[in-house]
Amino acid sequence: MDTRIIIILGITIAYFVVMSYIGYSVRKHATSSEGFTGGGRSFPPFLIAALLLSEFIGSSVSIGTAQKGFEAGISAAWNLVALSMGFLLLALILVKKYRETGLNTISGILAKNYGEGVRYAASILSICALSIVSVALYASGGAVLAAVLNIDRTLAILLVGVVTVFYVSLGGMRSVVYTNFVHATVKYIGVVLALAFALSASGGISGLQAKLPAQMFDWTGVGWGQIFAWMIGGVGSIFATQYVIQAIVSTKDNKTAKRSCFYVSSMMIPFGLMAALIGMCSAMLYPGIKSIDAFPSLIAHMPTYSAALVVIGLAGALFGGISANTLASATLALKDFYDPFFNKEKNDRKSVIFVKLAIVVIGFLPLVLALYADKILLIAFLGKALRATLAVIVLMAFYAPKFGTGRGALFGVIVSVISTISWFLAGNPYGIDSSYFALLSPLVTMSLSQLFKSAQPQVASVTPSN
């Protein structure tokens with residue numbers, strides 16, 4: 001093992017020893033199930049913003065956007081523009097509504113309006129969607145580790161999975177909030193350094209323009225269909241992501257929650273542009289590589305200490321993203337399935353044990369699929385697109401509560417899962433992205449249920465005469 005690899009590994013291990021210590025030391029609220037999943041409540045806006053940012057600029061988005069930038073150019077940044085719009089709209093139209101419910105699960109909120117069947121369906125869909133995002137996170141983390149350490153990608157993904165699950169299970173929501181602040185900061189700095197190196201090696205923007213095809217600089221190069229699909233998946237995922245709701249309700253008031261969303265929104269677009277440009281630089285510098293290796297190959301050529309900072313930033317974002325995903329999924333499994341059916345006496349000790357076991361199981365399951373994942377951004381946005389279904393139903397529950405029926409909402413979720421995943425597996429035929437099915441399914445089923453409800457004859461009440 002050469003000196004460069006030893007230095008990078010040493011810095012990365014030291015970083016995560018420190019992060020693990022921080023996560024463990026702030027776990028005082030993790031002794032109860034509510035504390036483990038909620039963190040004790042009342043976090044300042046910059047910490048909540050970092051929590052939200054860490055997953056949405058996670059390794060899958062970073063590696064995936066660079067991969068798309070390698071293939072299509074600057075227009076790859078639109079997927080981060082979509083996320084920026086999502087957080088802006090979340091602050092403006094949904095933060096207050098979510099906080100007024102007094103609930104911290106998406107399934108519980110929907111159950112209030114549409115019944116228990118929708119609760120279970122929404123919970124299962126959320127867990128599946130977050131697990132799909134974790135597949136992309138594991139795959140991207142493995143790609144970086146394999147490139148930097150020059151090891152087999154399968155081994156790299158398995159190593160990432162084992163270390164990540166151990167790290168996530170340490171301290172619950174409060175640990176995730178504090179450590180993700182550091183992860184997000186380091187990640188952002190690392191991407192800035194990577195772009196500076198990439199542009200320097202490429203001769204700057206003028207050098208790219210001289211060597212790359214003109215269409216790589218077309219802001220709509222990926223096509224409006226793809227851009228709209230990213231908007232659906234990005235905005236929908238933010239409106240209906242479990243840990244986003246957990247984070248929002250953990251703030252002290254609406255003003256703090258909105259400010260957190262504004263912070264995240266403002267940081268998304270610059271990040272997307274940087275990641276897309278990194279992919280474009282790699283297309284010029286390393287034209288013969290696979291597109292998935294656009295960012296990892298650049299890291300492999302960076303100076304040792306700069307590369308180490310980028311690696312710990314990417315790894316930190318990976319751990320932060322999977323931490324948020326698995327904790328959110330474990331919270332849903334606890335509140336919607338374990339406690340109601342297997343812990344009716346509300347023994348909190350059993351609940352804490354279940355949450356920790358659920359984190360381990362949910363953390364390991366996506367590893368198998370990650371071994372075969374290569375289109376990282378596509379997979380990540382499948383997970384986001386599925387949540388667009390819940391976003392539509394949430395908007396109806398808040399702003400049109402009498403439209404449609406509980407059965408229409410339930411069928412909307414079922415039809416969405418079947419059609420969206422099937423279309424994705426078929427390769428998005430005719431250039432139609434699977435996210436359109438996630439958007440349209442609940443709209444169609446709720447509209448049909450409203451028509452049938454309206455068509456039913458109203459029975460007039462008759463007051464008996466004396």
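Data overview
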quantity: Condition met for residue 123 (at pLDDT below 85, surrounded by 24 or more Cβ atoms within 10 Å (Cβ to Cβ) and under 20 Å from the mean Cα position of the chain (by Cα)); calculated: no
quantity: Matching residues in region 289-348 - criterion: being in contact with a Lys or Arg (Cβ under 6 Å, 6 or more places away or on another chain) and without any contact (Cβ under 8 Å) to a residue 60 or more places away in the chain; calculated: 343
quantity: Answer residue from region 44-80, given it is over 24 Å from residue 229 (Cβ atoms) and surrounded by fewer than 24 Cβ atoms within 10 Å (Cβ to Cβ) and is modelled with the lowest pLDDT among those; calculated: 44
quantity: Residue, modelled with the lowest pLDDT, within region 252-285, restricted to residues that are surrounded by 19 or more Cβ atoms within 10 Å (Cβ to Cβ), closer than 24 Å to residue 384 by Cα and polar (S, T, N, Q); calculated: 260
quantity: Within region 354-455, helices (runs of 4 or more DSSP H) holding 3 or more residues that are of a type in the set (S, T, N, Q) and without any contact (Cβ under 8 Å) to a residue 40 or more places away in the chain; calculated: 406-425
quantity: Unique residue being among the β-branched types (Val, Ile, Thr), buried (at least 23 other Cβ atoms within 10 Å of the Cβ) and modelled with pLDDT under 90 when the list is 186, 176, 182; calculated: 176
quantity: Residue 395 vs. criteria within 24 Å of residue 90 (Cα to Cα) and crowded, with 23+ Cβ neighbours inside 10 Å; calculated: no
quantity: In region 216-244, residue nearest to residue 94 (Cα to Cα) [restricted to those that are β-branched (Val, Ile, Thr) and surrounded by fewer than 21 Cβ atoms within 10 Å (Cβ to Cβ)]; calculated: 227
quantity: Residue count for region 357-367, restricted to those that are over 17 Å from residue 334 (Cβ atoms) and either among the aromatic types (Phe, Trp, Tyr) or over 19 Å from the mean Cα position of the chain (by Cα) (or both); calculated: 1
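The values are calculated or read from the model by the stated rules, or taken from the named source; none is laboratory data. A quick note: this is a predicted structure, and the numbers were derived from the prediction, not measured. Using ideal geometry, Cβ is built from the backbone for each residue, glycine included, and neighbour counts are taken over all protein chains shown.
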